[in-house]
Each structure stands twice: as C-alpha cells, then as structure tokens.
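Read-outs throughout are calculated quantities, based only on the coordinates presented, and are distinct from any laboratory measurement. Treat the numbers as computed from the prediction; the structure is a model and nothing was measured. Here the Cβ is made from the backbone with ideal geometry for all residues, glycine too, and neighbour counts use every protein chain on show.
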C-alpha cells in the first residue's frame, strides 16, 4: 500500500525552437525515465513540443502539422505505459489557435485543456497568435485521429487521485481556473508554464504557487520552460516545483543546461483529510456558481509500490533553524497573553505554581515570570511551592529552589510526606504498597496544597501539564490533571524542552541559565516512587509509557490528519529509520492508541488553557470524543502491523 501517496513529476526537457521531432524525442526520454521511477503523472512545460518562443512561426501550417505528428509519435511511444503525461502544444480549433495541454495515457488522448488567460502586456503578446479557451467553452476537437473533449472544466480521475490542469498565466489571474477545479474535485493541479526570468520574480512566483496550493488545499505541480528556448529577448531558467498545501516538496535547479526530472510524492489522503476538516472549503463548494465539469476516467492501473523520497520529519511539532526560534517566541507570547488576561479577569493577586524541578513546571514558572513583568507586577506575587515527597531527588529539589531564587519569586516549601502517610494509614494501605494509590495520592495531595494556598493568598493555580501527558493520560485525575489555568495545555513534550532552552539562551535572567540547562538534561519523571540507592531518579516516564518523540509523532498525525494506525506506522518507519526498529514502533504505537482512548475521561474536564499550535485536546476546541468510545478497531489494526 502507498497510503495515499501519489508519485508525480515535473519535467524540464531541453528544446530546440521549432524542431518538433527533437523536442518529442526529449519528451519521450523523460517519460520513460519517469515510468521507471514509478511516477504516475508527469507534467511538461507550456508548448514544449514546438517550444514556447516560436513567435510568428505559430502561424505556419508546417509547424502545426509537425506538432500534431510528433504528438502521434509520443502516443505510440506510450501505448504500453501506465504513466499519464501532460504535454503542451498548439492546437487548431474551429478556425482559432489554442495554447493547450494534452493529457495522454496508453496511446490515447484523454482530454485537451486550453489556456484561459493569455498575457498581452510588456514582453508577452500571446493574443497575437492564440485565442482564449473560453471562446469555445466545452467542445471537442479532432486531434491525431481521435475526437477528444476540449475544455478548461475537465477533472481527470485516476485510481489514486483526481487532477486538473491550467497553463502559466492562469495562476496569475485574480481567480485562477484551478480555484474552480479544486472545488469540482481536483486534488492536484498541474501547471504547464513558460515563465521567464527576472530579478526577484522567482521568489514571487514561489510565494504565489505556495499560496494557491494552500488556499486550494491541493497539490500543485509547476513545469516551466528551460534551456533551448530562444534568448533573443528573454531567458527561461527551467523552473520545476512541487507543492502540497503550501509546502514546497521538491524543485529543479534553475539555469541548468541539462534536462531535468524532478519528482516527489503528494499525500492525497492528507489533502482529503484537510478538506473534510476545513468547513470553509465545503462551504465554498456550495457557493460555486459554475458547476459545469467534465469527468474523464483514466485507464485503470495498479499503482506501483514506492519508497518515499520526500522527507518525513520525526519531530513534526518542532521546526528547524531560525523557524524554531520564531515558533518558540510566538508560543511563549501566546502563553503570556493567555495568563495575563486570566489574571486581570479574576483580579488574582498571586499566581501559585507547583515547582518540581522538571521541564513542565519550569516552563509554567517562566510564563508566570514574564507575564508579571509585562503587567508591571512584582515577581513576589508568584508563589512557587516545592512539595518534596517520597521520590524527590536532591537534583530536582536543588534545581527547583535555585530556579525560584534566581527568578526572585516567593518560595514556599511544604512537604507532603506526613500528610500522605496519615492518608495511607486512614486508608489502611500497606506500608510496602507501591501501587497506583501510593502514587496518585501524592499527586492529589500536592494539588490540594496548591488549591488551598491559592485560596489563602487570593490567587489562581497555574497548571503545568503538557499536551503529550494529556494524550497519554499521564496525569493523576483531579491531581496534577487539575488547575485554574493551564498554560502548557497544548504544548507537546518535545517542544517544551526547546522552549525552555530558547528562554534560557535569550530572554531570562543570567543567573537562571545554568539551572535551566540542568533541568533540560534531567530525566522526565513524576518522582512518585523512592529514588534508587544512589539517590537518582528511579521512575523514568519514557521507560514506562515509551519515548515522547514517538508519542508526539503519533499524536500529530492522529489529531492533525486523522490517519489510521497503519499509515502512521508507515510514516514512522521512515521518520525513525535507524533509531527504532519496526517492532519497537509497533509496540509504542499500540500503547499510544490504547492509552489515548482509555484516558479520554481526563480530557473531558480539562481546565482552561490557550491553544498554541495546530493540535489541541481541549474538549471545548479541537477534540470532542466520548469517554467511552471503543478503541477496538484501532488496536486491531495495530496488532495486524507487520503481518
């Protein structure tokens, strides 16, 4: 299975102006290369059979006849091939000349799409030779001995996807034909172009195509004319680009003197998921005034099994480079504004935070500090409470105290040991019982202290739990699960670390930096079980529930796109190749879905907290699932993996 991935290609052949036979040979060469690489659809530049820069030669019958004869040659060449090819050429129609794209497969012309918008300004004067496809509307034309539908309103349906075609200037129009095509069912748009070069134009074009693919929630494949076109007045650099919903997947080398074949895989299943979720898209379908469409089914074929060539990011929540800094800055600002509004609204005089010396409580404390700074409030109004228990280690305790001291907040230390021992005695819990009651009662005792302290000091309890813990249910119900405002509630664990590091390296008091760096290096743990003989953390969360980088990966594709377990597993094997075996990925994926379903009851009553990214588990926002929904189908598919 290819799990919705469709391998497509943009091809930039070397051409000779007016030499159709040479150009056809180059086209055939690239088609056979693409077929060998498992490409399902390949797109060539505008007027590639003749070359775009023929000028008044387009009025010569010899050129037009040669173009048709060479298309016949290409049809014969592809007669035994599954690949669908989209090729540009001039076509005579009812006394006019049209700039067209011919969609061909297995020796047949499936349909002809004419160019709608003909540029006739500055260096362009296409109306000197061509007529807009709108002139004829939906019609048919005799070409290469076949009567073929000709229209700009054609949707081509393959076993893998549905696609539409537009040509060059069409995408520069205020309402491109592709906007209508996607609302009629096209999932990928192919653009045959002869876009010339100019200083700054390429970046503008990339932005335009990215925006169009994002607006249409579609794949967008651009094939631009390249080396061999006339340079009498213009230069064509051979721009080939493949986009998916605003993201550039692959692009050609500009100004190459050689032919190029650029391919990647567009995730059509992901696009379909995005469209289903985006109610604005469906509303736009309902408002479409022009519903005319010609549906053309391609020849049936079995898609070839492919190895992904596009990258699969193992940390989808964590961008790279400067973008990570920008992301951290934005998230931190959202957290600060969210908390500021809540403090002002409740007229709270203090913010109470439980400080464990771990990552999550550290981030929550940093949010409180910067919020108080922004509001012009004294940091002494932040009450950091450390609550040593049976599993507290010297390292985390020292870091908790040191961090609060360096930040200048009010420190309170309240041990939970006596209260918990009394509670165990009241319950009749055996002295050596280290079960769930032993652990959860500590978490609930800490929460009770925080809540009562907030009442005592006219404050609110600022929650510390993160998105990943909520997904796995790795929180004690009505314990650390509860607060009066949770600033980390939609920040995944893999991003918490980077946020704290970003803050440490730039926008926090110098005295806190070394402490923050040690907190980042501390193993993740609830510290509810006693330390080992050497005083080190015994209870490491990732040993119990699995690596958070895996769970965040699973969570992203479950929440963001609704992918089934088998596809998430497929993606994970690419993303974590060489780091985790397939068996390990399967084990923790099964754990993820088991816990994700069983722990929904904890998410159904979450406290308020700000959404910061594309995923949230708030029952008032992104995720509303019954607490008693069955996980059987998901777990069954997990169990069948690798069989």
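Helix-only mean residue ellipticity at 222 nm, the chain, DSSP H runs n ≥ 4 weighted -39,500 (n - 2.57), per residue, nearest 500. What is it? Don't jump to the answer; show the numbers that get you there.
Details: 20 runs with 253 residues, N = 643.
Calculated at 222 nm, the ellipticity per residue is -12500 deg cm²/dmol.
How high is the FRET efficiency from residue 412 to residue 201, r the C-beta distance, R0 56 Å, rounded to 0.05?
Rounded to the nearest 0.05, the efficiency is 0.35.
If r is the Cβ-Cβ distance from residue 16 to residue 211 and R0 is 35 Å, what FRET efficiency results, to the nearest 0.05?
That gives a FRET efficiency of 0.50.
Please report 484, 404 as a ranked list, fewest other C-beta atoms within 10 angstrom at the top and most at the bottom.
Values: 484 19, 404 27.
Going from least to most buried by this count: 484, 404.
Could you check the spin-label model distance between residue 627 and residue 233? Points 7 Å from the Cα along Cα→Cβ, value in nm.
Going by the 7 Å Cα→Cβ label model, 7.3 nm.
Test of understanding: ordering 586, 201 by Cβ neighbours within 10 Å, fewest first, what list do you get?
Final ranking by Cβ density, sparse to dense: 201, 586.
Taking 0.36 nm per residue of sequence separation and subtracting the Cα-Cα distance, how much length would be gained by fully extending the chain between residue 142 and residue 423, in nm to one decimal?
Once the chain is fully extended between residue 142 and residue 423, it gains 92.3 nm.
How far, in nm, would the chain grow between residue 283 and residue 432 when pulled straight, counting 0.36 nm per residue and subtracting the alpha carbon separation?
Stretched out fully, the residue 283 to residue 432 stretch lengthens by 47.5 nm.
To test your reading of the geometry: what angle, between 0 and 90 degrees and rounded to tens, separates the Cα axis of helix 201-215 from the longest principal axis of the chain?
Value to nearest ten degrees: 70.
In degrees, nearest 10, range 0 to 90: what is the angle between the Cα axis of helix 61-77 and the longest Cα principal axis of the chain?
60
Roughly what angle does helix 321-346 make with the longest principal axis of the chain, taking Cα atoms, 0 to 90 degrees, to the nearest 10?
Result, in degrees: 50.
So if each residue of separation counts as 0.36 nm, and I subtract the Cα-Cα distance between residue 337 and residue 96, what length gain in nm does that give? Write down the numbers at each step before the final one.
Values: separation 241, 0.36 × 241 = 86.76 nm, distance 6.18 nm.
Roughly 80.6 nm would be gained on extension.
Taking a ≥ b ≥ c as the square roots of the Cα gyration tensor eigenvalues, with a/c under 1.5 meaning rounded and otherwise prolate when a/b beats b/c, else oblate, which class fits segment 137-240?
oblate
Rounded to the nearest 0.05, what FRET efficiency do residue 37 and residue 253 give with R0 = 25 Å and r taken as the Cβ-Cβ distance? Could you check?
Efficiency at R0 = 25 Å is approximately 0.90.
Can you give the % of DSSP beta bridges in segment 7-297 that are antiparallel, to the nearest 5?
If I count the DSSP bridges inside segment 7-297, around 60 percent turn out antiparallel.
Just rank 634, 474, 129, 172, fewest to most, by other beta-carbon atoms within 10 angstrom.
Fewest-to-most ranking of 634, 474, 129, 172: 172, 129, 634, 474.
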